[in-house]
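The values are calculated or read from the model by the stated rules, or taken from the named source; none is laboratory data. All figures in this text were calculated on a predicted structure; none of them were measured in a lab. Glycine also receives a Cβ, built like all others from the backbone with ideal geometry; neighbour counts cover every protein chain displayed. Accessible surface is based on the protein model in full, side chains and every heavy atom, while ligands, DNA and RNA are left aside. Shrake-Rupley method; radii C 1.70, N 1.55, O 1.52, S 1.80 Å.
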Amino acid sequence: MSRNPIAAALTHTDTLILDGALATELEARGCDLADTLWSAKVLMENPELIYQVHYDYFAAGANVAITASYQATPLGFAARGLDSGQASALIRQSVTLAQRARDDYRAASGSQAPLLVAGSVGPYGAYLANGAEYRGDYALPAAEMKDFHRPRVAALLEAGVDLLACETLPSFGEIQALISLLAEFPHSSAWFSFTLRDAQHLSDGTPLSKVAEVINAAPQVVAVGLNCVALESVTPALQTLQALTDKPLLVYPNSGEQYDAVSKSWHSAPSGCTLHDKFPEWQQAGARLIGGCCRTTPQDIAAIAACCQP
């Protein structure tokens, strides 16, 4: 049976606070990420800045840091002339940076809270760098999909992540391939979070009821939910999942602004709602792990962490 760091952490606190955006926070600190490698580019160019962002999220009250490996794949790095050994070293470094931030924060603060490092496993669609992670309109045979994900999963686990964050998943075939891949690493555990077409369907159109069947049968998947979705679509989707699974639910949506994958730019949110405004509603809909995705900041995470103070 795989170990379950989420269940262990949830014995200490009712809600685990996840961190917020990494890439857009790096941009806010001066990085140019108009690049197919996204935040993985900063792993090569300015790793200390990634450490600082992780540290700031822990200081804001996050219990979980998600590594800067979302876009870090051997295929993506190969396009930059890096061999598989160099790619693997960068992926391991993404873990070391988050672990160092955690350890330094713990030493400075004396915090006794559970603090975890989740290794980000972004979807194949993210490597394509054309917005496909929001559509799921790609098909790859399962064996090729596992070959794509395996080196990064192996590097993250080798570097000692507490669990994997298989995130922004739009495609049922990819979810099945990742569950199958986890079985090759029997001591690993992962959360799975999806992008959605609506409250009942994955981005590729698969009903969440069908997704829940495979997730419920996968002991290594220790939490399930959604990320990188619009704030206003969260509650109905959580309610759908709450009826379909007993696993802890997680959510880390975008700030509410809209991303244009073609121009790689953001447009302001249609509504004024924030993570903080929605937090009690999401807790009521069953979410036990709550944080932010694109365009959310340490200030957003501090605002929701403050809701959990005893």
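Of the residues that make up region 136-158, is at least one touching a helix residue (DSSP H, G or I) at 6+ places or on another chain (Cβ under 8 Å), closer than 22 Å to TYR252 by Cα and at pLDDT below 95? Yes, there is a match, as at least one residue in region 136-158 is touching a helix residue (DSSP H, G or I) at 6+ places or on another chain (Cβ under 8 Å), closer than 22 Å to TYR252 by Cα and at pLDDT below 95. Which residue out of ARG150, ARG135 is open to solvent by 10 Å² or more (accessible area, probe 1.4 Å) and under 22 Å from ALA89 (Cβ atoms)? Answer to the selection: ARG150. Close contacts from region 285-303, counting a first residue that is under 24 Å from GLN239 (Cβ atoms) and touching a residue at least 12 places away in the same chain (Cβ under 8 Å) and a second that is open to solvent by 40 Å² or more (accessible area, probe 1.4 Å) and among the acidic types (Asp, Glu), with Cβ to Cβ under 7 Å and a gap of 6+ residues or different chains, come to GLY292/ASP300.
Going by what's in this entry, would SER180 be described as open to solvent by 10 Å² or more (accessible area, probe 1.4 Å), of a type in the set (S, T, N, Q) and more than 14 Å from the chain's Cα centre (by Cα)?
On the way: open to solvent by 10 Å² or more (accessible area, probe 1.4 Å): yes; of a type in the set (S, T, N, Q): yes; more than 14 Å from the chain's Cα centre (by Cα): yes.
Here the answer is yes, as SER180 does meet what is asked.
Of the residues making up region 138-151, those that are in a helix (DSSP H, G or I) and either aromatic (Phe, Trp, Tyr) or out of contact with any Pro (no Cβ under 7 Å at 6 or more places or on another chain) (or both) are ALA142, ALA143, GLU144, MET145, LYS146, ASP147, PHE148, HIS149, ARG150. Checked against (1) more than 17 Å from VAL161 (Cα to Cα); (2) open to solvent by 40 Å² or more (accessible area, probe 1.4 Å); (3) of a type in the set (Ser, Thr, Tyr), THR15 passes all but a single condition, namely (2). The sole residue among ALA129, ALA190, ALA199 that is over 17 Å from GLY76 (Cα atoms), surrounded by fewer than 24 Cβ atoms within 10 Å (Cβ to Cβ) and hydrophobic (A, V, I, L, M, F, W, C) is ALA199.
For region 57-109, the set of residues classified as touching a residue at least 60 places away in the same chain (Cβ under 8 Å), of a type in the set (S, T, N, Q) and part of a loop (DSSP other than H, G, I, E, B) consists of THR67, SER69, THR73, listed by residue number.
List the residue pairs whose Cβ atoms are under 9 Å apart, where the first residue sits in region 152-171 and is closer than 18 Å to ALA40 by Cα and free of Cβ contacts under 8 Å to residues at least 12 places away in the same chain, the second is in a strand (DSSP E or B) and open to solvent by less than 10 Å² (accessible area, probe 1.4 Å), and the two are 6 or more positions apart or on different chains. Pairs that qualify, where the first residue is closer than 18 Å to ALA40 by Cα and free of Cβ contacts under 8 Å to residues at least 12 places away in the same chain and the partner is in a strand (DSSP E or B) and open to solvent by less than 10 Å² (accessible area, probe 1.4 Å): there are none.
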